[in-house]
1. Would you point out the residue of segment 571-612, among those that are surrounded by 19 or more Cβ atoms within 10 Å (Cβ to Cβ) and assigned to a helix (DSSP H, G or I), that is modelled with the lowest pLDDT?
2. Kindly provide the set of residues from segment 102-149 that are open to solvent by less than 10 Å² (accessible area, probe 1.4 Å) and more than 24 Å from Ile664 (Cα to Cα), ordered by number.
3. Kindly check whether there is at least one residue in segment 511-527 that is open to solvent by 20 Å² or more (accessible area, probe 1.4 Å) and within 27 Å of Leu765 (Cβ to Cβ).
4. Go over the candidates Ala795, Ala753 one by one and state the one that is open to solvent by 20 Å² or more (accessible area, probe 1.4 Å), over 18 Å from Leu272 (Cβ atoms) and part of a helix (DSSP H, G or I).
5. Being under 32 Å from the mean Cα position of the chain (by Cα), part of a strand (DSSP E or B) and within 22 Å of Asp581 (Cβ to Cβ) is the filter here, so list the residues in segment 496-528 that pass it.
6. So, in segment 240-288, exactly how many residues are charged (D, E, K, R) and in contact with a helix residue (DSSP H, G or I) (Cβ under 8 Å, 6 or more places away or on another chain)?
7. I'd like to verify a number: residues in segment 560-570 that are at pLDDT 90 or above and among the small types (Gly, Ala, Ser), how many?
Amino acid sequence: MEVLLKDIRYGLRMLLKKPGFTAVAIIALALGIGANTAIFSVVDTVLLRPLPYDTPDELVWIWETNLPSDIKTEPASPPNYLDWKSQNQVFEEMMAFATTKPILSSGGEPERVTAGVVTAGFFSVLRAQPALGRTFVADEEKQGNNRVVVLGHGLWQRRFGSDPEIIDKPIILNGNPYVVVGVMPPGFQHPKPNVSQPPEMWMPLVPTAYAARRGDFLNVIARTKPGVTVEQARAEMNVIASGLEQQYPATNANWGVTVLPLHDMFVGDVRLMISILAGAVGFLLLIACANVANLLLTRAASRQKEVAIRVAMGANRARLVRQLLTESLMLALAGGALGSLLALWGVDAMKALNPGNIPRLQETGIDWRVLSFTFAVSVLTGIIFGLLPALQASNPNLTSSLKEGDRGSTEGFRGRRMRSALVVAEVALSLVLLVGAGLMIQSFLRLQKVDPGFNAGQMLTLELSLPAPKYKGTQEVIAFYDRLLEAVPQTPGVEETALIDHLPMTDNANMLGFSIQGRPQAPDDPVMDAETYTVSPSYFKAMNIQLVSGRLFTQFDKWGAQEEAVVVNETFVRRFFPGEDPLGKRVTFGNPDAPDAQWASIVGVVKDIRHMKLDIAPYPQMYVTYAQGTPRALALMVRTSGDPMSFLPAVRNHIWSLDKEQPIYNVRTMEQLMAASIARPGFNTLLFSIFAGVALVLAAVGIYGVISYSVTQRTHEIGIRMALGARHGDVLKMVVRQGMVMAMIGVAIGLLAAIALARFISSLLFNVSATDPLTYVGIALLFAGIALLACYIPARRATRVDPMIALRYE
């Protein structure tokens, strides 16, 4: 321990003697270690940390899947769920849930809240205990016994002032009294990932109230029995699905089941992205290590005389290596400490930039696990960048080192080769990151330029939902929305108004199967389905969606008409009526063989729009008018002549003039929805670009440092060359050529590595090939230009050497 303390004190003195070197090394390491710490905190929270439930490895998500088509994760229908639950032998318990948005009238002004509608086993499957009261019991899964509610902790605090006597008190939801039976603790999380508005309360679901086996809206989670694997559960559920297929061929033919671990549902679509970011910061740390190793080699060359004297006085090589490694570890730990501070800021920045669909990102923080990782990385980093310089410096040539003391220390061929190899490695690694960033930037720019097929400018959107107790019949719902569409356009500056059930760019749609009259389907035929939207007749004009053929909806297309009308898009026509005129063809969403089947005629064809997301190609789409049987929840879209948000008070007043108790929610502009839909690609691109930019700076500094040191070492040689008649241009070319050879070797290796690694990033790109030649050539030229500048600055200094001074150089 005493020897170690001596090494630390001596190392500290040596580092403080060169404050410039020490500061540069610590900053370079802090950037690499800090970036790794920040991304590891995300990896730890999102990918590694167990879900916040008791024994979460036993929890699985169960989906329906249509075998002949691309439908792999379809929610379940209540009848199928009940059969799964009663027939399986592999699950300890099974539950199902959906969401709704009731109007809460208690505890303040009426407010639309998000509620989970759940079966009685919801909380017991998750093994979640309430903070107050109880959760649901099996008897409350029956019609007439389900007027109870469990509050979330946040809603209990916000609306009811943390009332400890809330249990057994009534609250008003959708105009009906519900009894509060429990309050969940603050740490309880709803199990559905990527939910922008998680439920703040839970209400009982009555699955027996639904008879349709293709009414798919339930999310199903089960807990496996101890010792049962996911594969065993999947095999048994497939047997059950086969039995249901034989029992109900009209609805269950070709429908199977897939079972996935719940953790996979949370991280499945972000695992690759986070892994790529982790790889990027790993490259960044290696670049920082190479940079600091070069600095240490430079410093080791200047300490040859010191080391030679210590060897001559009896110090063995192991003793010298330990001393030099101690200095490297001190640098690394200092870089780790500063990097932890940078990581803290970085995590806060990532939370602020959170695109909203990265699960559990808001839980990310710097805890003991992350700090342990930082310490381990710091120690490993210190060994990686310190070992080679320590081995190099600890084996001096005593004769030359002591003899050359009159002219300054020199660096041998092996040292120069090692420094050049490190620069080549820096350049290659940096180029890989730059190519990745270039591809992602190009992809994001192309995504932003995608034409969605509609005009998103100057449009206000907000959502409404009419409670059943107040609006009992279809005609009452239609009448409210009719009056709303008449009232809002009276506001000066309002140009168009429209209604739709699922707003564009919200990654949400009704995927409905249908049949075409005169086209019976064989059991093995793929399911015919389409995104189906309920709209007002004014929707197409308000969104500037062009009519291709036929007509749009009119005031005569309403509930009770002799025949309903539908409008379809061009993709629908290409897929289901290739080479045919679709106008007048009839479709039904129900059983085509039923005597009471309701048929609708295709009356118009409109241009394709990208409704789900900009990076999702148009899918077959069908539109029906809200007056043909409106849903209670619709979104109001208001096109304005100015700032859309400035029209919100007037629109709200129109709504309240029709119903003073009607709350509005999810108030956004269409441009905000567009921006939110591409937030995750933008987030990925920004982070990757920052890492690539830091890598570029470190690589440029590395090239500059090597050339600058070379100029210093060759001052005597340069002086002789100039004294013998060498021109400034000759010296400039000689020095620049030395640096550019290293840079170009690194660029070549980096391009080959980028091509080899391109497949890992391809799934994150939009309309850009992972081997896009323009990007590779452009990045290579950019790097060559940066490298040329890094070489030119010290080369220019070399041309200003005075031969007389250089010949006296020590």
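The values are calculated or read from the model by the stated rules, or taken from the named source; none is laboratory data. What you are looking at is a predicted structure, and each value in this text was computed from that prediction instead of being measured. Note that we place each Cβ from the backbone using ideal geometry, even for glycine, and neighbour counts take in every protein chain shown. Surface accessibility is based on the protein's heavy atoms, side chains included, excluding ligands, DNA and RNA. Shrake-Rupley method; radii C 1.70, N 1.55, O 1.52, S 1.80 Å.
1. Checked segment 571-612; the qualifying residue modelled with the lowest pLDDT is Phe576.
2. Val118, Thr119, Gly121, Phe122, Phe123, Val125, Leu126
3. Yes - at least one qualifying residue is present in segment 511-527.
4. None of the other options fit; the residue is Ala753.
5. none
6. Of the residues in segment 240-288, 2 are charged (D, E, K, R) and in contact with a helix residue (DSSP H, G or I) (Cβ under 8 Å, 6 or more places away or on another chain).
7. Final tally of qualifying residues: 1.
Condition check ((1) within 21 Å of Ala692 (Cβ to Cβ); (2) small (Gly, Ala, Ser); (3) in contact with a Ser or Thr (Cβ under 8 Å, 6 or more places away or on another chain)) across all residues:
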position	(1), (2), (3)
Arg727	no, no, no
Leu732	no, no, yes
Val741	no, no, no
Met744	yes, no, no
Val747	yes, no, no
Leu751	yes, no, no
Ala754	yes, yes, no
Arg759	yes, no, no
Ala770	yes, yes, yes
